[in-house]
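For reference, the structure discussed in these notes is given below.
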């Protein structure tokens, strides 16, 4: 099919949805684009379709000069945050309904691609054990199925629950597993909840075999959650300050993704332009162990944080 389309933004603000993107078919002109919410049986026309699109013409097709759309839709409350499709109507009346708009919007995002790259590296391993830190199934989300069959999976968490093979503290990995147990390790939306993430990096060095690699994802921007155990936010450069030559690692990949906008409730000269500044919800990295480390951080968890770990569920963004 010659149809190409991309959702650049589908952001919800109160009861409105901003839909921004483009669509183009080189074989048949598109004359109308509708947003279709299947759960609400709601269809809304994108009347803005046909805006100038010199960027698309330059990268996709010289004839794609007016194929952009950008508008605000007032949608049913139940549809906000839900998936939708696009219905394209062509010049001779033929229609075609797209696949998932949310999947399309995420396609190419470095944050999600970084996880794919980690799984691709796992597939190259012939045998070994992979550790997940923070494996408890929150909202029925687990990652055990992503581990290739030739590898063994161990899921640990600070609290017992579904998908937890061992209960323990990530700050004490060597005491739990011994040295050189794992060929790889990963965590998702965990590092912001670690009281001393630099200590966990040192512990990962101890339990990883030489050449072992680690995937971590966390937040670059996110509201406060699971307080008082919400400690950190991570940029691309944050991973390099924790996983470096001194701690026995090299960074293979470090990215930010899931672009977002920050709005100040009380706007002033210092904050009014925040929505136009780069911000991201997610940050991720893949690092590789290149050497043993002699660094140590002999601080116990009850010294670093005097608060008890909350019994509630830690939240994770959709992945």
Next on the checklist: Can you compute the modelled spin-label distance between residue 51 and residue 245, with each label point 7 Å from Cα toward Cβ, in nm?
Outcome noted: 4.8 nm
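Taking only the Cα atoms of segment 3-105, how large is their convex hull per residue, in Å³? Intermediate values should be presented prior to the final figure.
Values: hull volume 9.0 nm³, N = 103.
Convex hull volume per residue, Cα atoms: 87 Å³.
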Next on the checklist: Below 8 Å between Cα atoms, with a sequence gap of 6+, how large is the relative contact order for the chain in percent?
Outcome noted: 13 percent
Item to check | Approximate shape of segment 1-51 as ellipsoid semi-axes (Cα gyration tensor, √5λ), whole Å, largest first | outcome: 22, 13, 10
Item to check | Residues 7, 141, 60 arranged by fewest to most Cβ contacts within 10 Å | outcome: 141, 60, 7
Checklist entry - So how far apart, in nm, are the two label points at residue 142 and residue 174 if each is 7 Å from Cα heading toward Cβ? => result 3.1 nm
Next on the checklist: What number does segment 69-135 give for Rg over Rh if you use C-alpha atoms and the Kirkwood radius?
Outcome noted: 1.18
Item to check | segment 145-242: Rg to Rh, with Rh as the Kirkwood radius over Cα pairs | outcome: 0.95
Checklist entry - If one computes the Cα centroid of segment 139-196 and of segment 70-87, what distance in Å separates the two points? => result 37 Å
Item to check | Contact order relative to length of segment 179-268, as percent, for alpha carbon pairs under 8 angstrom and 6 or more apart | outcome: 30 percent
Checklist entry - In nm, to one decimal, how far is the modelled label at residue 303 from the one at residue 31, with both set 7 Å along Cα→Cβ? => result 7.5 nm
Item to check | Binned Cα-Cα distances of the chain, short to long, each 10 Å bin given as a whole percent | outcome: 5, 22, 28, 21, 16, 7, 1, 0
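If each DSSP helix of 4+ residues adds -39,500 (n - 2.57) and the sum is divided by the residues in the chain, what number results at 222 nm, nearest 500 deg cm²/dmol? Numbers along the way, then the final one.
Numbers: 7 runs with 53 residues, N = 319.
The helix contribution divided over the chain gives -4500 deg cm²/dmol.
Over segment 129-245, what is the relative contact order in whole percent, taking alpha-carbon pairs under 8 Å and six or more residues apart? Before the final figure, lay out the partial values.
Working: 202 pairs, mean separation 27.7, N = 117.
Contact order relative to length: 24 percent.
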Next on the checklist: Rounded to two decimal places and with Rh computed the Kirkwood way over Cα pairs, what is Rg over Rh for segment 177-319?
Outcome noted: 1.02
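Bear in mind these aren't lab numbers, they're just calculated from the coordinates by the rules spelled out. The shown structure was predicted, so the numbers you read here are calculated from the model rather than taken from an experiment. No Cβ is skipped: glycine too gets one built from the backbone with ideal geometry, and neighbour counts run over all protein chains shown.
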